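**Student:** Right, I'll just put the structure down here and ask away after.
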Amino acid sequence: MRIELQINGEAHEADVWEGESLLFALREQLGFPGSKNACEQGECGSCSVLLDGTLVCSCLVLAAQAEGHEVVTVEGLADDGRLHKVQEAFVAAGAVQCGFCTPGLVVAAADLLKRNVYPSDDDIREALSGNLCRCTGYAKIFDAVRMAAAAL
Amino acid sequence: MSETASPKLELGRVGDSTPRIDGVPKVTGEFAYSSDLQAAGMLWGHTVRSPHAHARIVSIDISEAVGMPGVHAVLTHEDVPGEKRYGLEFADQPVLAYERVRYYGEPVALVAAEHPEQARRAAGRIRVEYEPLEPVVDPERATEQDPLHPDRPTMSHGYRDDPRPNVVRSLLIRHGDPEADGEVTVSGVYEVGIQDQAFLGPESGLAVPDGEGGVDVYVATQWLHVDRDQVAPCLNLKPEQVRIHLAGVGGAFGGREDLSMQLHGALLALHTDRPVKIVYNREESFVGHIHRHPAKIWAEHRSTRDGKLVNVRVRILLDGGAYASSSTAVTSNAASFAVGPYAVDNALIESTCVYTNNPPCGAMRGFGAVQVCFAHEAQMDKLAEALDIDPIELRLLNALGPGGSLPTGQKITGTLPVADVIRRAAELDIPEQEELPRDPMRLPGGSGNTTRGEGVRRGVGFAVGFKNIGYSEGFDDYTAARVRLDADGSAEVHCAAAEVGQGVANVILQVARTELGSSDVVLAPHTTATVDSAGSASASRMTWMAAGAVRDACRAALEERQQNGGKAVDVERIYRHPRTTPLDPETGQITGERAHVAYACAAMRVVAEVDVELGLTRVVWIGTAQDVGKAVNPQAVTGQIEGGTAQGLGLALMEEIQTRDGLITNASFTDYLIPTTLDMPPVVSVLIEEAEPDAPYGVKGVGEPPTVVSTAAVVAALRAATGRELTRVPVKPDDIVGL
Amino acid sequence: MDVLTPRSLEEALRLKAERPDAVPIQGGTDVMVELNFDRARPAVLLNLNEVAELRGWSQADGKVWLGAGLTYSEAMEPKLAEALPALAEASRTVGGPQIRNRGTIGGNLGTASPAGDALPPLLVCGAEVKLASVLGERVVSLEEFLVGPKRNVLAEDELILGVTVDTGDESRQTFMKVGPRNAMVIAVVSLAVRVDGDLRAAFGSAGPVSKLVRAELADADSFPQRVAEAASPIDDVRGTASYRRHALRILTKRALDRCLV
């Protein structure tokens, strides 16, 4: 089926199989592979995107359900080539190792800081509890979010 | 496929916390992982897997599948043009199963189609008739059951001749007088469940036919050249016709040492003459790669009344699953480190790995040392209690160090600051207990809101462990690096060392910048096409080996350029660490100067709160001191320690592949749990930098020691909180409650 | 496969009548897993995201109406959390924020998993489920609605509109969920307790369906044992029957300590 989506502020069209997830459509049909395919069942957050401004797992959204809605992916966070503060902080804090969880965490952290300008350490932990990371043990991810919060 | 060199590294020499060279593309989503690749005309590959743990294949009928919409190829073992079996060390694993299947999820057939859904539908039409056979699932009985590999692929490799069926390898270390008596004896039996690497990036890659009979495979792997050397013979191609290129790797931890889609993708690509992409889903990833060996360990420690170890007797049984993978080396490692980093004059250690129809096992971070550390540290605490000696004092009293020997007879000739890491970790201040009431997120049970403080007890645990750095027992272990140095001083470094997230790309660039005195250095794509092997990104060896090779190549390039009057040069150098030799097959003693190259140790202190009525845990704080040689990039080193600690904590508290008659019953992130942000405490890391004499810049590997020690340390804290023995990991709520 | 996206409740009910094999999909947290892992290939998916009538909640006369499309995140918002604290606590235990932003009460009812986190809090609040088809509406109690593991009384031409729950006057309530890690778990066992004139407990993951147990206030001492005895847990990949029964006793005791103040 043919669907039309708003991704990072621009209209895109794709021909998808009806049972396809938004994640698969973004990655394979629409040219946005930044959202990652780690578990495809909402347990890891690697595919996190904003759907009408709400943080969701794109693996659990049917591509057809996103039609007519605004999708923001990790590719849409940087502003005209200038990294989002969260992105800068992830690099500076050493919060990236293999990086497969990073796009989802960056989107989730940006979402947190949009809603909560001064998050406590507990707020950060709870807000990121839907994002699994296997490399870092999370310590430097928390550092990055604190760093970004201070910079924003 | 377009491949580009890394950007230039603007800052940073050896010793600097330079941000990752791939950091920016990873935070923007531009970094191309193996599952992100695409090519014009690309097909999707799909693997048909065995639903049985053990069965005879009666017939395979692909006739219906080949005519399905969008399908371009359906392949079985009959379509494998070369060798029918491959393997990391022993070629005992079929490319596609023939005659019988030996584990749940073993690949049986392949499909290539235009859309993955078409491939799945066609896969469903392949009719495989199986005759189920009784699976070998109890490792303690495996040596009495019919052999799964009658041809005994691991025999006649210089290992001890063990005639029992289904033995992958057995090793006996006899040290001093193995019958020596002590004044006090403690014994215990310990078990470790099957842990999974659970890297987030699933197995995936793209195979592209070159139009001349060869193939390029872009894949997430740990060792490009050994992949090539396994793939080429099965395709009946020359090594140079198979080029393996490193695509972005979403974590590895040992789980990418063995082949996944490389051969299958290449077979489909050559058969269809189209690029073929294969991406495992999470369920397939769990069944499609090897795991950490589950173990059962019987230990007996004999000491003097004042705490000096007299004799340590350990029997280790490892379940290797259906194929050999790296089991023979894991068997040996478990034996080598069974006593822990302690000096003891007498020991008897028997380590055996068996074939079964359980999930196949191989390399995972810690590689045999994790399992035995859990046992030896429980034993040391038990001994301390029996002797009424402070457990830290007991460890210090027996600490191994330079000049001491392993039970294999090998002298510690390099650095091994065991006493120092113990003291430094023990000195760290632990946090005061937090007051109640607290948000449930700060209590055992976390978001489950199960306690307001009822039933919560606090415990502090301690553990120390060590492990070898680099490949052992006579393996010809080397790393190549090639440096193209231009007249203007700019340089391009080629090294096939796999960047799996650990940060070896920065190591290479920081070393090159240090040696060349220039920031105008780029790292070329990692590939088998332009440079010799780097060996594997495993065994905590890659930093040491890559640093050595790049250093040597840079120095040679500078020298050569000076000699030729400043013209551009292109030199390749091979670096080798000190040579090792095998252990004696009968006594387990060294046959030359060394069986291992070097060691690294770590000590860890853990504070945990346990809800003893519900059996739930919150680890509150972790402090650790680790022997790191020289930190090439301190930020990356602490990142390795924090991440490695999390994996050990996972094994202690929640991670286990569960099976029923050999079938995996929790192949998902819903039921195979890894630590979340609410499970990992802050980690205080003390880096002990004592330069390793034989290593470039004095470096040591840092990835494994935290994982080796953290499982033991976390469980020690749980024992302190609960007063229970807790002899099996992962510790289940039932064990804490006493059901 | 077809995807149908109705824009109103009327259209949704008409489509469901025409295509009774259509599988409703709202937050996708259950249905998409089935699709992604090739466990289900429904002929038709009925996307309910655009049906505004299913959204939101309202409160009147000691009763709260929860639309089937109410998300867990919405259930955690302060105003609703004040009216239904156990449901808010249960919602906080569901998945991560991404799941709570998409997963819905209606989905939990439709899936009818024994582990459904919203079910115990709804049971102790006397939830009544409103169902509709083109032929009309009907109301069934949640206890009657749940008939077995992943089975409910929903007819094939019906959709779930929402639930009505009783907030009570002086109701004290709490929810607890046991899992082997501190976030993002399917319940090994869960429990909601409400004290409001009498004692009510409902458990999850301890029997084929979530079940309500009631007692007089005077029987508080024996209540933990009664709740544990009412359960019929099994051994599975997430836990053992004996642990589940044991945990229910502890949880009920602790819940009463919180609610009987």
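The values are calculated or read from the model by the stated rules, or taken from the named source; none is laboratory data. These figures come from a predicted structure and were not determined experimentally. Don't worry about glycine lacking a Cβ; one is built from the backbone with ideal geometry, like all the others, and counts go over all protein chains shown. Note: areas computed on protein heavy atoms with side chains; ligands, DNA, RNA excluded. Shrake-Rupley method; radii C 1.70, N 1.55, O 1.52, S 1.80 Å.
**Student:** Mind checking which residues of the range B:446-464 are assigned to a strand (DSSP E or B) and either open to solvent by less than 10 Å² (accessible area, probe 1.4 Å) or closer than 30 Å to B:Thr408 by Cβ (or both)?
**Tutor:** Result: B:Gly459, B:Gly461, B:Phe462, B:Ala463, B:Val464.
**Student:** Would you be able to tell me the number of residues in the range B:610-632 that are within 14 Å of chain A (Cβ to nearest Cβ) and either more than 23 Å from B:Gly15 (Cα to Cα) or open to solvent by 10 Å² or more (accessible area, probe 1.4 Å) (or both)?
**Tutor:** 5
**Student:** Please list, ordered by residue number, the strands (runs of 3 or more DSSP E) wholly in the range B:10-105 having 3 or more residues that are open to solvent by less than 30 Å² (accessible area, probe 1.4 Å) and either under 20 Å from B:Val287 (Cβ atoms) or in the same structural domain as B:Ser519 (by TED's automatic domain parsing) (or both).
**Tutor:** The strands (runs of 3 or more DSSP E) meeting that bar are B:43-49.
**Student:** Take the range B:465-508 and flag every residue that is buried (at least 21 other Cβ atoms within 10 Å of the Cβ), outside any loop (DSSP other than H, G, I, E, B) and of a type in the set (Ser, Thr, Tyr).
**Tutor:** Within the range B:465-508, just B:Thr479 meets the criteria.
**Student:** Across the range B:410-422, what is the number of residues that are open to solvent by less than 30 Å² (accessible area, probe 1.4 Å) and part of a loop (DSSP other than H, G, I, E, B)?
**Tutor:** 6
**Student:** Still on this structure: For the range B:443-461, name all the residues that are away from every other protein chain (no Cβ under 14 Å) and either within 31 Å of the chain's Cα centre (by Cα) or within 16 Å of C:Ala247 (Cα to Cα) (or both).
**Tutor:** If the condition is that a residue be away from every other protein chain (no Cβ under 14 Å) and either within 31 Å of the chain's Cα centre (by Cα) or within 16 Å of C:Ala247 (Cα to Cα) (or both), then B:Gly459, B:Val460, B:Gly461 are the ones that fit.
**Student:** Moving on. Quick one: B:Val231 ticks every box in (1) within 21 Å of the chain's Cα centre (by Cα); (2) touching a residue at least 12 places away in the same chain (Cβ under 8 Å) bar one, so which box is it?
**Tutor:** Failing condition for B:Val231: (1).
**Student:** Do any strands (runs of 3 or more DSSP E) lying entirely in the range B:187-288 carry at least 2 residues that are more than 21 Å from B:Thr76 (Cα to Cα), and which ones are they?
**Tutor:** Hits in the range B:187-288: B:215-219, B:242-246.
**Student:** Another question, then. Would you be able to say whether some residue in the range B:308-322 is in contact with a strand residue (DSSP E or B) (Cβ under 8 Å, 6 or more places away or on another chain), part of a loop (DSSP other than H, G, I, E, B) and surrounded by 24 or more Cβ atoms within 10 Å (Cβ to Cβ)?
**Tutor:** Checked the range B:308-322: at least one residue is in contact with a strand residue (DSSP E or B) (Cβ under 8 Å, 6 or more places away or on another chain), part of a loop (DSSP other than H, G, I, E, B) and surrounded by 24 or more Cβ atoms within 10 Å (Cβ to Cβ).
**Student:** So in the range B:423-442, with the set limited to residues that are more than 12 Å from chain A (Cβ to nearest Cβ) and surrounded by 13 or more Cβ atoms within 10 Å (Cβ to Cβ), which one is nearest to C:Ala90 (Cα to Cα)?
**Tutor:** So, considering only residues that are more than 12 Å from chain A (Cβ to nearest Cβ) and surrounded by 13 or more Cβ atoms within 10 Å (Cβ to Cβ), the one nearest to C:Ala90 (Cα to Cα) is B:Ile430.
**Student:** Quick check on the range B:480-495. Is at least one of its residues under 22 Å from the mean Cα position of the chain (by Cα) and under 30 Å from B:Ala426 (Cβ atoms)?
**Tutor:** no
**Student:** Name the one entry in B:Thr638, B:Thr591 that is open to solvent by 10 Å² or more (accessible area, probe 1.4 Å), among the polar types (S, T, N, Q), in contact with a Leu (Cβ under 8 Å, 6 or more places away or on another chain) and touching a residue at least 12 places away in the same chain (Cβ under 8 Å).
**Tutor:** B:Thr638
**Student:** Another question about this same structure. Scan A:Val49, A:Val117 and give me the residue that is more than 8 Å from every other protein chain (Cβ to nearest Cβ), within 26 Å of A:Ile3 (Cα to Cα) and either without any contact (Cβ under 8 Å) to a residue 24 or more places away in the chain or of a type in the set (A, V, I, L, M, F, W, C) (or both).
**Tutor:** After ruling out the rest, the residue left standing is A:Val49.
**Student:** Need the failing condition index for B:Gly404 against (1) open to solvent by 30 Å² or more (accessible area, probe 1.4 Å); (2) of a type outside the set (Ser, Thr, Tyr); (3) modelled with pLDDT of 95 or more; (4) over 17 Å from B:Ala721 (Cα atoms), just the number.
**Tutor:** Looking at each condition in turn, B:Gly404 falls short on (1).
**Student:** Does A:Val61 satisfy the criteria of being buried (at least 24 other Cβ atoms within 10 Å of the Cβ) and within 12 Å of the chain's Cα centre (by Cα)?
**Tutor:** no
**Student:** Spot the failing condition for A:Thr136; the list is (1) buried (at least 24 other Cβ atoms within 10 Å of the Cβ); (2) in contact with an Asp or Glu (Cβ under 8 Å, 6 or more places away or on another chain); (3) within 14 Å of chain C (Cβ to nearest Cβ), and only one is missed.
**Tutor:** Result: A:Thr136 fails condition (3) only.
**Student:** Give me the residue from the range B:560-578 that is free of Cβ contacts under 8 Å to residues at least 12 places away in the same chain and part of a loop (DSSP other than H, G, I, E, B) and, out of that set, farthest from B:Gly474 (Cα to Cα).
**Tutor:** The extreme case among them is B:Gly565.
**Student:** Let me ask something else about it. Here is a check on your reading of the model: is A:Val107 in a strand (DSSP E or B) and more than 8 Å from chain B (Cβ to nearest Cβ)?
**Tutor:** no
**Student:** Let me ask something else about it. Open to solvent by less than 10 Å² (accessible area, probe 1.4 Å), out of contact with any strand residue (DSSP E or B) (no Cβ under 8 Å at 6 or more places or on another chain) and in contact (Cβ under 8 Å) with a residue 60 or more places away in the chain: which single residue out of A:Val106, A:Val96, A:Val86, A:Val71 fits that description?
**Tutor:** After ruling out the rest, the residue left standing is A:Val86.
**Student:** Which one is surrounded by the fewest Cβ atoms within 10 Å (Cβ to Cβ) among residues in the range C:15-42 that are touching a helix residue (DSSP H, G or I) at 6+ places or on another chain (Cβ under 7 Å) and more than 8 Å from chain A (Cβ to nearest Cβ)?
**Tutor:** Going through the qualifying residues, I end up with C:Ala40.
**Student:** Any residue at all in the range B:671-678 that is touching a Ser or Thr at 6+ places or on another chain (Cβ under 8 Å), open to solvent by 50 Å² or more (accessible area, probe 1.4 Å) and either of a type in the set (A, V, I, L, M) or farther than 20 Å from B:Gly15 by Cα (or both)?
**Tutor:** Looking for residues that are touching a Ser or Thr at 6+ places or on another chain (Cβ under 8 Å), open to solvent by 50 Å² or more (accessible area, probe 1.4 Å) and either of a type in the set (A, V, I, L, M) or farther than 20 Å from B:Gly15 by Cα (or both), one finds none in the range B:671-678, hence no.
**Student:** Can you tell me which residue in the range A:1-38 is nearest to the other protein chains (Cβ to nearest Cβ), limited to those that are touching a residue at least 60 places away in the same chain (Cβ under 8 Å) and within 30 Å of C:Val185 (Cα to Cα)?
**Tutor:** Here the answer is A:Gly34.
**Student:** Shifting gears a bit: Please go through (1) closer than 26 Å to A:Arg125 by Cβ; (2) open to solvent by less than 20 Å² (accessible area, probe 1.4 Å); (3) touching a residue at least 40 places away in the same chain (Cβ under 8 Å); (4) away from chain A (no Cβ under 13 Å) for C:Gly106 and return the number of the only condition it doesn't satisfy.
**Tutor:** Just one mismatch for C:Gly106, condition (1).
**Student:** Listed residues B:Asp146, B:Asp151, B:Asp161; which is assigned to a loop (DSSP other than H, G, I, E, B), away from chain A (no Cβ under 14 Å), acidic (Asp, Glu) and out of contact with any Pro (no Cβ under 9 Å at 6 or more places or on another chain)?
**Tutor:** When all the criteria are applied, what remains is B:Asp151.
**Student:** Please pick out the residue among C:Gly62, C:Gly67 that is at pLDDT below 95, surrounded by fewer than 24 Cβ atoms within 10 Å (Cβ to Cβ) and out of contact with any Cys (no Cβ under 6 Å at 6 or more places or on another chain).
**Tutor:** From the options C:Gly62, C:Gly67, the qualifying one is C:Gly62.
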